[in-house]
Each structure stands twice: as C-alpha cells, then as structure tokens.
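The values are calculated or read from the model by the stated rules, or taken from the named source; none is laboratory data. The shown structure was predicted, so the numbers you read here are calculated from the model rather than taken from an experiment. Positions of Cβ are generated from backbone atoms using ideal geometry, with glycine treated the same way; all protein chains shown enter the neighbour counts.
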Amino acid sequence: MSYPKTIREVLPTRRDLLQFGGLGLAGAAAHGLWPLRVSASTGSKVTPRGNARNVIFYEISGAISHVDCFDFKENPDTQKDFDVRTLKNGVHLSHFLFPRTEKVMDKVALLRSLRTHEQVHFRGQYYVQTGRQMNFAFAKEIPAIGSVIAAELDGRRRESDTFPTYISFNLEKGAAGALATGFLPPRFSVFDLIPEQALKGMALDQKAIELVEERWRLLDALRKTEAGRVAGYGIEMKTYENFSETAHRLISDARWPAAFQVTEDDKKRYGNTSVGVSCALARNVLKQDAGTHYIHICHPGWDHHGQIWDRSASSHHYKLIQEFDPAFASLLEDLAATPSKATPGKTMLDETLVVAMSEFGRTPGPLNHLKGRDHYHPCFPAMFAGAGVKGGLVLGATNKDGTAHTETGWNRKEQPRIENVVATMYSALGIDWTKSVHNLPSGRTYTYVDPLGANGFVPTDEIATIYG
C-alpha cells in the first residue's frame, strides 16, 4: 500500500474546505489586535446568571407564519388539515404540522410578543446575528454575537479545548451570510459548516497524521528561524499563523471526526434534511465538550410571499415545517437524555440554552393575492428551552387576529426585542451585557447590547420571565 508523500495529497485544498464550510472572515476589520478598553456600564446593577455552558440559536430564516404556528389564530385561510389542538398550557398548535414538537412543548417557554424594527431579510438577519440595527457607516466594525461570546469565553478555554468556540451550520445560505468579527481579532470568527459536506469525512488515517505532524515540526522550526523577519509583516501574518495553529490542533483531535458521525437512526429521527443533520451535529459537537459553546443553526427558505400552503409549489410552509418538526424536537429530546460531561447529575439540556425564532413574523389575517403572507414586524414569537427555563410557560399575548400585542410577557411595558434575546443569551453564559468597548477604529463606543435602538431608547434587560 502506498501513502501520500505531500501535504497537498493529505490535506483538503482551499476549494475542498469551502465545500465543508468556512470562516466568517470577509469584511473583518484588520484591527482589533490592540488591547481593547472594555468596561461595564456605569452604575450597572445587572448580575449575569451564568446558568448555561452553551447556547444553541435556531434561526427560522425567512420568517415562519406565527398565526398559523406558534401563535395560532383562526383566520379565513386556516387550512382544513391543521387539526389544531389545545395543549395543557393552553397553547393552540397544529397536531398535523407539529406532531413531534407538540411532545416537547413542556420543555419550552413560549414568548409571543417580540417586536422588531426590521422588515427586510438582509437587515433583519443582520439584526439577529449582531443584536443591533445595521448602520453602513461602521458595519465593518460590528462583530457577530457569536464572536463576542468567543472573545468573552476565551479565558475559560482549557488546554484540551480544540473546537472553535463559535460554530454555525448553513449561515452562508441566509440573506446576511456568516458575519465577520468586526473589531475583534479574526480568531474569534465563526466556523460555518455545510452539513452535507461535513458528513463526507473529517478524519485522517494514522499515516496521514504522522506525515502532518512531521511537516508541522518542520514548519514550526522554520517559523522560529524567521520570527524576526516575519514580525514585520503585521496583523495579517499573525492571523494566518493563529488560523494554522487552530487547524493543526483540530485535525489532530480524534473528537473532531467523532463529532461528525451521524447514524441512520439519527437521520430517521431528526429527518434526513440539511437542518435535521445540522441539529444532530450540534448535539454531537456539544457532547464532545471540546470548546464549542455557541452554535447558530440557520434553517433558510421560509419566505413564502406566495403559495405558502400550496403543496405543488417548489417551496411552501408544509415542506419547511416537516423539516423543522423532527429536527427541533429531536434536539431537545436528545439534549435532555444525554448526561453532561462537565457537571455530574445534569443533562446537556440543563446546561444548554436553546432559542428558536425568526427575524420577524408574517402578515396575519387572510392570505395575500399570491396566496402567501408578507413580512410583519409588530409581533412574533420566540421559544426558549433548557438551562433552567421553566417549560410550559406561555408569555405575552396578542389580540384575536394576531395583529398587535396585548401583553408584553415580561417586566416592561415595552415589547421585548431581539436586543433582549441577546441579553438573555449573554446572561445565561455569564457575560455582562452592559459592557462597552471604547477604542474602536472609528472612535465610536460599542456596547454589547445597545440601548439606543432604531427608534430611541430600548430597555436592555434579559427576559427573566422565561425562568418562571
């Protein structure tokens, strides 16, 4: 048997890596390597909960029709096959559409009164990824939420942690793509994976590993010899070296290929779909306990302005819900059934906050002239589970048509917004969301959760009511 003799024969090419996924480096500000001046808000009295080791954010990208699903309202175009039933907590849910999710709603706190200031997909999904409105004047400086988390948790990483802190699935298929690290160093970037490609193989055989280690030893010796000269190349070279070191540690760790083993039973339970595999892989990655603590799962395609319930269309809500239902339910079931490696006596769901939501809702009432629903920002729902969330809670309410809120669902008269979802995730991970960074390249101040929203002051509280 002959073995490869060159690195080119052993390691995937750049083209191959792009098939697996990639880092969200495009547009990253080539700054951020100086010491950042970070401080908590003056007079801040917030106490981050620190009740979660991990967060999984499930983005229903393109917007699910809330009045047909998680804030069900009888309307002129309610489909006859929905078979809507009333759950123990009073929530009305289609048994036909959500037979699996129906069984895990006792683990979920449902908030029905979110509001957003965005009604366009690109801006709305940017808002979801960054927790703030888009301003093109300094958008290049703004990091994704996951990158902020990666930077904040960097000091908690153990020597054995080789997995990226921030991993995503299919973000590149969303309207906003995988956003960059902004003013933060590129090493805090997302590692965005295409699940179908990731399943095709992440492992090297023993001979290949030995060859990689030998080449790495030679490269390390060369780096030390050339250290003085290379130091003058600046940030770009340092970033490249950080990326190389991370990649080397990752491909040398047997837990990495193990995380990408999805069984036929998994595919059957989660659904053999892109999002089903993504959810199974998210479970696997966290189960390895190898350094990943924030996972963003993007489920694209929900933008049904026309033919929303037309089975003959190429895409419709029936199809997307059939993908969502087994994937989301299986994720919660498996996290709840899997013991934590880090905390004896706890499950992975006990230490993982799961959030599922769209970037906005869809128009209530009758369908439009294309038999679809358009974008709707005044109210839409989000679901929370795990990490101490009180399952079965129903928070906030809308009127009989689902056109406006009647209860906010938390301890404010204003409706909660995406900023508050972000604060909730930061708090769960033990991050003070009132922190500000003062020395951005533009001279502006970046606040983790910005109180100055699109239309004035936005309360930046976490949504504490999800915990009962």
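Just so you know, in segment 103-133 the residues that are surrounded by fewer than 18 Cβ atoms within 10 Å (Cβ to Cβ) and of a type outside the set (Lys, Arg) include one that is modelled with the lowest pLDDT, and it is His117.
Pairing residues of segment 128-145 that are without any contact (Cβ under 8 Å) to a residue 40 or more places away in the chain with residues that are aromatic (Phe, Trp, Tyr), at Cβ distances under 6 Å and at least 6 apart in sequence or on separate chains, gives Met134/Tyr126. Under the condition of being crowded, with 18+ Cβ neighbours inside 10 Å and modelled with pLDDT under 55, the residues counted in segment 32-59 number 1. Can you spot a residue in segment 377-387 that is touching a residue at least 40 places away in the same chain (Cβ under 8 Å) and surrounded by fewer than 21 Cβ atoms within 10 Å (Cβ to Cβ)? Checked against the condition, which is being touching a residue at least 40 places away in the same chain (Cβ under 8 Å) and surrounded by fewer than 21 Cβ atoms within 10 Å (Cβ to Cβ), segment 377-387 yields at least one hit. Is it the case, given these coordinates, that Val422 is under 22 Å from the mean Cα position of the chain (by Cα), over 30 Å from Thr78 (Cα atoms), aliphatic (A, V, I, L, M) and assigned to a loop (DSSP other than H, G, I, E, B)? Against the criterion (under 22 Å from the mean Cα position of the chain (by Cα), over 30 Å from Thr78 (Cα atoms), aliphatic (A, V, I, L, M) and assigned to a loop (DSSP other than H, G, I, E, B)), Val422 does not qualify.
Among the residues making up segment 360-401, those that are closer than 17 Å to Ile466 by Cβ and either among the aromatic types (Phe, Trp, Tyr) or assigned to a strand (DSSP E or B) (or both) are Phe380, Pro381, Ala382, Met383, Phe384, Ala385, Val394, Leu395, Ala397. Only residues that are under 18 Å from the mean Cα position of the chain (by Cα), in a loop (DSSP other than H, G, I, E, B) and β-branched (Val, Ile, Thr) were counted across segment 157-200, and they come to 4. Residues in segment 281-306 that are closer than 19 Å to Glu172 by Cα and small (Gly, Ala, Ser): Ala282, Gly301. Checking each residue in segment 440-463 for being in contact with a Phe, Trp or Tyr (Cβ under 7 Å, 6 or more places away or on another chain), surrounded by fewer than 19 Cβ atoms within 10 Å (Cβ to Cβ) and not charged (D, E, K, R) picks out Pro441, Ser442, Pro451. Of all residues in segment 265-278, none are out of contact with any Pro (no Cβ under 7 Å at 6 or more places or on another chain), among the polar types (S, T, N, Q), surrounded by 19 or more Cβ atoms within 10 Å (Cβ to Cβ) and not in a loop (DSSP other than H, G, I, E, B).
Filtered by the rule that a residue be among the polar types (S, T, N, Q), in contact with a Ser or Thr (Cβ under 9 Å, 6 or more places away or on another chain) and more than 20 Å from Glu419 (Cβ to Cβ), segment 353-397 gives a lone residue, Thr363. Kindly evaluate Thr116 against the criterion of being among the hydroxyl-bearing types (Ser, Thr, Tyr), in contact with a Phe, Trp or Tyr (Cβ under 8 Å, 6 or more places away or on another chain) and assigned to a loop (DSSP other than H, G, I, E, B). In short, yes. In the condition set (1) among the charged types (D, E, K, R); (2) modelled with pLDDT of 90 or more; (3) within 20 Å of Gln288 (Cα to Cα), Asp253 is compliant with all but (2). Restricting attention to segment 292-340, the residues that are surrounded by fewer than 19 Cβ atoms within 10 Å (Cβ to Cβ), of a type in the set (S, T, N, Q) and assigned to a loop (DSSP other than H, G, I, E, B) total 5. Among the aromatic types (Phe, Trp, Tyr) and touching a Gly at 6+ places or on another chain (Cβ under 9 Å) - does that describe any residue in segment 283-305? Yes, some residue in segment 283-305 is among the aromatic types (Phe, Trp, Tyr) and touching a Gly at 6+ places or on another chain (Cβ under 9 Å).
Residues of segment 402-410 include none that is at pLDDT 95 or above, within 26 Å of Ser340 (Cα to Cα) and not in a loop (DSSP other than H, G, I, E, B). Candidates in segment 119-146 are the residues that are in a loop (DSSP other than H, G, I, E, B) and not hydrophobic (A, V, I, L, M, F, W, C); of these, the one that is nearest to Ala175 (Cα to Cα) is Gln119.
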